[in-house]
Amino acid sequence: MNIKEIPKLIIGDLVARVPIIQGGMGVGISLSGLASAVANAGGIGVIATAGIGMLEPDFATNFSLANRRALQKEIRKARKMTKGIIGVNIMVALTDFYDMVKVAVEEGVDIVLLGAGLPLKNLKMLLPDKLRDINAKIVPIVSSARAAKIIFQYWQRNYNYIPDAIVVEGPLAGGHLGFKKEQISNPNYTLEKILPEVIAVIKPFEKHFHKSIPVIAAGGIYTGKDIYKYMQRGAQGVQMATRFVATKECDASIKFKETYIKSKKEDLVIIDSPVGLPGRAIRNKFLEEVYCGVRKPFKCPWKCLMTCNFKKAPYCIALALTNAQQGNLEDGFAFAGANAYRVDKIISVKELMATLLEEYKNAVYNLSQ
């Protein structure tokens with residue numbers, strides 16, 4: 001298929017020839033290997049910063065430095081492997097949020113995606129003038145039109161600037177979700193419902209700043225047909241994570257990837273994360289023991305998330321996810337999107353992108369018949 005048949009994703013002066021952002025998957029799932037492969041295939045590759053220092057030998061004694069060093073290292077490795085677009089996903093709830101933003105900006109990443117919280121006062125050290133001088137595109141991730149409006153209004157008032165794009169993530173995503181538990185299966189909170197609401201909310205800001213703000217749909221997008229559906233509904237691109245786990249280039253261990261392949265629909269469960277958010281994960285023995293009240297003793301060398309009450313937490317989620325990333329599912333678990341059970345084999349990123357583009361093409365063709 002000719003890539004030109006699918007619209008490009010244009011964010012300011014950045015042009016991705018395939019309108020797919022690979023979702024940031026923390027604690028070592030999406031690092032330079034996966035991000036560079038996606039960028040080389042024409043999409044936007046994303047390195048996730050959450051728990052990135054957990055893979056460094058000195059994380060227990062100097063977590064902050066380990067995080068900064070690991071992020072710098074992964075960005076530089078990605079740059080050596082691709083000339084494509086590289087982004088970094090940074091959770092606003094991270095204790096070292098500003099340090100991570102600073103490293104990403106100094107290393108010259110193309111896009112900084114900000115999720116798990118509203119990036120408002122957290123950007124106070126990036127003074128208004130400096131915010132304009134940053135070459136990286138700043139892209140918040142939201143789960144509602146209300147959140148989008150709060151961000152845009154705050155940025156307009158305090159920075160005289162607005163985000164360069166926005167990701168709208170629905171409740172079918174993997175990992176931590178920006179919804180209350182009762183909202184996840186509520187039809188009023190589907191991506192189909194939220195997407196047009198966000199598009200409507202940001203239109204006045206586009207007019208005021210004479211700036212095009214691409215809206216990117218995320219959460220449960222699995223096929224090229226899904227991509228076509230959301231782009232028909234006004235999205236300029238999509239963010240996908242689950243599909244990229246079962247790729248050869250994904251930075252997780254083979255055992256982690258096989259967890260996706262072996263999963264069934266009923267294995268996808270909503271858990272109460274120790275950091276105070278619901279999350280979607282693949283059920284296993286570790287999670288079943290936690291559900292039954294078994295505590296997993298741990299020492300907290302660094303309160304990595306501001307919302308974590310580590311003194312009362314039944315387990316350390318960063319440690320559990322690190323264990324899983326390395327293939328130790330006895331002492332951890334895998335986050336996953338609602339469609340993870342549909343994954344049936346490990347393929348290359350190049351093959352996956354070709355499949356998605358072909359599916360998109362077929363969706364266009366079928367609609368025109």
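The values are calculated or read from the model by the stated rules, or taken from the named source; none is laboratory data. Nothing here was measured: the structure is a model prediction, and the numbers come from that model. Methodologically, a virtual Cβ is constructed for each residue, glycine included, from the backbone with ideal geometry; neighbour enumeration extends over all protein chains shown.
Among the candidates I199, I216, I227, which residue alone is β-branched (V, I, T), within 17 Å of the chain's Cα centre (by Cα), at pLDDT 95 or above and part of a helix (DSSP H, G or I)?
After ruling out the rest, the residue left standing is I227.
Every residue, every condition in (1) touching a Leu at 6+ places or on another chain (Cβ under 8 Å); (2) surrounded by fewer than 24 Cβ atoms within 10 Å (Cβ to Cβ); (3) charged (D, E, K, R), yes or no:
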| residue | (1), (2), (3) |
| --- | --- |
| I6 | yes, yes, no |
| L9 | no, no, no |
| V15 | yes, yes, no |
| G33 | no, yes, no |
| A39 | no, no, no |
| I44 | yes, no, no |
Query raised in the report: Within segment 79-90, can one find any residue that is in contact with a Cys (Cβ under 8 Å, 6 or more places away or on another chain), hydrophobic (A, V, I, L, M, F, W, C) and closer than 17 Å to G24 by Cβ?
Result: no
Query - E266 at pLDDT 95 or above and loosely packed, with under 14 Cβ neighbours inside 10 Å - result: yes
Query raised in the report: Of the numbered conditions (1) at pLDDT below 95; (2) closer than 17 Å to S253 by Cβ; (3) assigned to a helix (DSSP H, G or I), G33 satisfies every one except a single condition; which is it?
Result: (1)
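Condition check: more than 18 Å from the chain's Cα centre (by Cα) and of a type in the set (D, E). Does E266 satisfy that?
Working: more than 18 Å from the chain's Cα centre (by Cα): yes; of a type in the set (D, E): yes.
Spelling it out, E266 is indeed more than 18 Å from the chain's Cα centre (by Cα) and of a type in the set (D, E).
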Report task. Test A218 against the stated conditions and say whether it is closer than 21 Å to I151 by Cα, crowded, with 17+ Cβ neighbours inside 10 Å and touching a Gly at 6+ places or on another chain (Cβ under 8 Å). Result -> yes
Report task. With the condition kept exactly as written, say whether any residue in segment 82-101 is part of a helix (DSSP H, G or I), loosely packed, with under 15 Cβ neighbours inside 10 Å, modelled with pLDDT under 95 and out of contact with any Ser or Thr (no Cβ under 7 Å at 6 or more places or on another chain). Result -> no
Query raised in the report: Exactly one of (1) of a type in the set (S, T, N, Q); (2) modelled with pLDDT of 90 or more; (3) farther than 15 Å from V245 by Cβ is unmet by S348. Its number?
Result: (3)
Query - All positions within segment 114-146 that are part of a loop (DSSP other than H, G, I, E, B) and either modelled with pLDDT under 85 or charged (D, E, K, R) (or both) - result: A116, G117, L118, P119, L120, K124, M125, L126, L127, I134, N135
